[in-house]
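Asker: This is the structure I want to talk about, given as structure tokens.
The values are calculated or read from the model by the stated rules, or taken from the named source; none is laboratory data. This structure is a prediction, so every number in the text was calculated from the model and none was measured. Each accessible area value is taken on the protein alone, full model and side chains, heavy atoms only, with ligands, DNA and RNA left out. Shrake-Rupley method; radii C 1.70, N 1.55, O 1.52, S 1.80 Å.
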Amino acid sequence: MAYDIENIFAKILREEVPCVKVYEDDNALAFNDINPQAPIHVLVIPKGPYVSIDDFIASASDSEIAGFFRAVGNTARQLGLSTPGYRILVNTGDNGMQEVPHLHVHIMGGRKMGPMVAI
Ligand code: 5GP
């Protein structure tokens, strides 16, 4: 699947659409999910044009991959989630029910996240 430069997260990266930013570095941007499923629900996206985790792992450089996952951890730590804990989730492709075709890691916390769900 080709990357769609008009997807909503590409527009957020270009600052054409606003977001509530919680973390940013050279590799990633993190912002509040518009429809939170937990008291803290943040999305972390790489700055490069990657459709999904599958695309990212296949195509990104080692430095982009390391930098991105370090940014995910830094975001969670900055949000105070390291000790109470949190859940990360990456929906991928059709069966994964991925809605936005730009890789994003969901960070959810602020309460017990409950059992894993597969509904
Ligand atoms: P997915 O289902 O692709 O894993 O998750 C997409 C997420 O993006 C959803 O949780 C949805 O609430 C969030 N989202 C969709 N559009 C926007 C937007 O314009 N701004 C923000 N901040 N989040 C969005």
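Asker: How large is Rg/Rh for region 49-119, to two decimals, with Cα atoms and a Kirkwood Rh?
Answerer: 1.00
Asker: Taking H placed 1.01 Å from N in the peptide plane, check which residues at least 5 places from Y23 or on another chain put their amide H under 5 Å from its amide H.
Answerer: For Y23, the qualifying residues are A30.
Asker: Taking N as the number of residues in the chain, what is its Cα Rg relative to 2.2 N^0.38 Å?
Answerer: It is 1.02.
Asker: Order the following by accessible area, largest value first: K112, K11, K21. Probe radius 1.4 Å; ligands, DNA and RNA are ignored.
Answerer: The residues order as K112, K21, K11, largest area first.
Asker: How far, in degrees from 0 to 90, does helix 62-78 lean away from the longest principal axis of the Cα atoms of the chain, to the nearest 10?
Answerer: 30
Asker: Same structure, new question: Would you mind working out the accessible area per residue for the chain, using a 1.4 Å probe, and quoting it in Å²?
Answerer: The answer is 61 Å² per residue.
Asker: For Q98, list long-range residues whose amide hydrogen, built 1.01 Å from N in the peptide plane, is under 5 Å from its own amide hydrogen.
Answerer: The list, which skips near neighbours in sequence, is T92, G93.
Asker: Shifting gears a bit: Taking the alpha-carbon centroid of each part, what is the distance from region 1-19 to region 46-64 in angstrom?
Answerer: When both Cα centres are located, 15 Å separates them.
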